[in-house]
Amino acid sequence: MAWTKIADANTGGLNGGTTSAIDTTGADLFVLSAAYSNGTHSVSDSQGNTWVAGTQRSGSGSNRGRMWYCINPTTNASHTFTFTATGLAGSFSIEAWSSDGGTPVFD
(Lines give C-alpha, C1' and ligand atoms only; values in the text may rest on other atoms or scores of the structure.)
Protein backbone atom coordinates (compact mmCIF):
# COMPACT_ATOMS: atom_id res chain seq x y z
CA MET A 1 0.00 0.00 0.00
CA ALA A 2 1.33 3.40 -0.93
CA TRP A 3 0.46 6.53 1.05
CA THR A 4 0.64 10.12 -0.18
CA LYS A 5 0.53 13.13 2.14
CA ILE A 6 -2.07 15.54 0.76
CA ALA A 7 -2.16 18.25 3.45
CA ASP A 8 -0.65 19.32 6.76
CA ALA A 9 -0.88 22.10 9.33
CA ASN A 10 0.45 22.92 12.78
CA THR A 11 -0.21 25.39 15.56
CA GLY A 12 -0.12 25.70 19.33
CA GLY A 13 -0.73 27.89 22.29
CA LEU A 14 -1.27 28.03 26.03
CA ASN A 15 -4.32 25.72 26.00
CA GLY A 16 -3.95 24.19 22.54
CA GLY A 17 -5.34 25.79 19.43
CA THR A 18 -7.09 25.40 16.09
CA THR A 19 -5.37 25.12 12.72
CA SER A 20 -6.02 27.25 9.70
CA ALA A 21 -8.34 25.59 7.18
CA ILE A 22 -6.71 22.96 4.96
CA ASP A 23 -8.07 20.93 2.04
CA THR A 24 -8.35 17.30 3.18
CA THR A 25 -10.51 16.14 0.27
CA GLY A 26 -9.67 12.53 -0.58
CA ALA A 27 -7.84 11.74 2.67
CA ASP A 28 -8.10 8.21 4.09
CA LEU A 29 -6.11 8.83 7.28
CA PHE A 30 -5.40 11.72 9.63
CA VAL A 31 -2.52 11.65 12.10
CA LEU A 32 -2.23 14.28 14.83
CA SER A 33 0.77 14.60 17.14
CA ALA A 34 0.73 16.85 20.22
CA ALA A 35 3.08 17.94 22.99
CA TYR A 36 1.54 19.10 26.27
CA SER A 37 1.89 19.12 30.06
CA ASN A 38 -0.14 17.20 32.64
CA GLY A 39 -3.88 17.76 32.56
CA THR A 40 -6.80 16.82 30.37
CA HIS A 41 -6.69 17.04 26.61
CA SER A 42 -8.84 16.26 23.57
CA VAL A 43 -8.76 16.28 19.78
CA SER A 44 -11.59 17.34 17.48
CA ASP A 45 -12.11 18.57 13.94
CA SER A 46 -14.66 20.60 12.03
CA GLN A 47 -16.19 17.47 10.46
CA GLY A 48 -16.92 15.68 13.76
CA ASN A 49 -14.66 12.68 13.07
CA THR A 50 -13.86 10.06 15.73
CA TRP A 51 -10.24 10.03 16.92
CA VAL A 52 -8.29 7.10 18.42
CA ALA A 53 -5.56 7.94 20.96
CA GLY A 54 -2.20 6.22 20.96
CA THR A 55 -0.15 5.59 24.09
CA GLN A 56 0.81 8.72 26.03
CA ARG A 57 4.57 9.19 26.27
CA SER A 58 6.25 10.98 29.17
CA GLY A 59 9.24 13.31 28.94
CA SER A 60 11.06 15.21 31.65
CA GLY A 61 8.96 16.78 34.39
CA SER A 62 5.33 17.12 33.35
CA ASN A 63 6.02 17.01 29.59
CA ARG A 64 3.84 14.59 27.63
CA GLY A 65 3.26 13.61 24.03
CA ARG A 66 0.70 11.55 22.18
CA MET A 67 -0.46 10.73 18.67
CA TRP A 68 -4.07 10.30 17.56
CA TYR A 69 -5.40 8.92 14.29
CA CYS A 70 -8.64 8.84 12.35
CA ILE A 71 -9.25 6.24 9.62
CA ASN A 72 -11.69 6.87 6.73
CA PRO A 73 -12.53 10.38 7.91
CA THR A 74 -15.13 12.78 6.61
CA THR A 75 -13.16 15.41 4.68
CA ASN A 76 -13.69 18.77 3.01
CA ALA A 77 -11.86 21.66 1.39
CA SER A 78 -11.80 23.89 4.50
CA HIS A 79 -11.12 21.43 7.32
CA THR A 80 -9.88 22.66 10.71
CA PHE A 81 -8.43 20.67 13.62
CA THR A 82 -8.44 21.55 17.33
CA PHE A 83 -6.31 20.32 20.22
CA THR A 84 -7.65 21.42 23.61
CA ALA A 85 -5.67 21.03 26.84
CA THR A 86 -5.81 22.20 30.42
CA GLY A 87 -2.40 23.48 31.34
CA LEU A 88 0.32 24.22 28.84
CA ALA A 89 0.08 22.75 25.36
CA GLY A 90 3.23 23.39 23.40
CA SER A 91 2.18 22.54 19.87
CA PHE A 92 0.50 20.04 17.61
CA SER A 93 0.64 19.03 13.98
CA ILE A 94 -1.81 17.28 11.70
CA GLU A 95 -1.21 15.36 8.47
CA ALA A 96 -3.82 14.10 6.01
CA TRP A 97 -2.88 11.03 3.97
CA SER A 98 -4.41 9.35 0.93
CA SER A 99 -3.89 5.68 0.05
CA ASP A 100 -3.87 3.76 -3.21
CA GLY A 101 -6.50 1.36 -1.83
CA GLY A 102 -4.23 -1.55 -0.85
CA THR A 103 -4.28 -3.23 2.55
CA PRO A 104 -3.32 -0.78 5.33
CA VAL A 105 -0.11 -1.62 7.16
CA PHE A 106 -1.76 -0.93 10.54
CA ASP A 107 -4.40 -3.69 10.13
Open item on the list: Give me a comma-separated list of calculated 3J(HN,Hα) values for region 74-85, in order, Karplus coefficients 6.51, -1.76, 1.60 applied at θ = phi - 60°, integers in Hz, x for any Gly or Pro.
Closed with: 6, 10, 6, 7, 9, 7, 10, 10, 10, 10, 10, 9
TODO: Note down the Stokes-Einstein diffusion coefficient of region 20-107 in µm²/s, whole number, using a Kirkwood radius over alpha carbon pairs, 10 °C, and 1.306 mPa s.
DONE: 115 µm²/s
Open item on the list: How big is the dipole moment of the chain about its Cα centre under a simple scheme where the beta carbon of each Lys and Arg is +1, that of each Asp and Glu is -1, and everything else is neutral? Debye, nearest 20, please.
Closed with: 440 debye
TODO: Keeping all protein chains in place, calculate the accessible area per residue for the chain (probe 1.4 angstrom), answer in Å².
DONE: 53 Å²
Task: Whole-percent carbon and sulfur share, accessible surface of the chain, 1.4 Å - done: 49 percent
TODO: Taking amide H positions as placed in the peptide plane 1.01 Å from N, state which residues far from G16 in sequence (5 or more) or on other chains have amide H under 5 Å from it.
DONE: A85, A89
Task: Accessible area of R66 in the full protein assembly, 1.4 Å probe (Å², nearest 10) - done: 60 Å²
Open item on the list: Test of the criteria: in region 16-107, which chymotrypsin sites (Phe, Trp or Tyr not before Pro) are in a DSSP loop and have at most 14 other Cβ atoms within 10 angstrom of their Cβ?
Closed with: F106
- [ ] Taking H placed 1.01 Å from N in the peptide plane, check which residues at least 5 places from A7 or on another chain put their amide H under 5 Å from its amide H.
- [x] A96
Task: Column: log10 I(q)/I(0), Debye, Cα scatterers of region 1-66, q = 0.11 Å⁻¹ - done: -0.32
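The values are calculated or read from the model by the stated rules, or taken from the named source; none is laboratory data. Being a predicted model, the structure only gives us computed values, none of them experimental. Please note: Cβ atoms are built from the backbone with ideal geometry, for glycine as well, and neighbour counts cover all protein chains shown. In case anyone asks, the SASA skips ligands and DNA or RNA and just uses the protein heavy atoms, side chains included. Shrake-Rupley method; radii C 1.70, N 1.55, O 1.52, S 1.80 Å.
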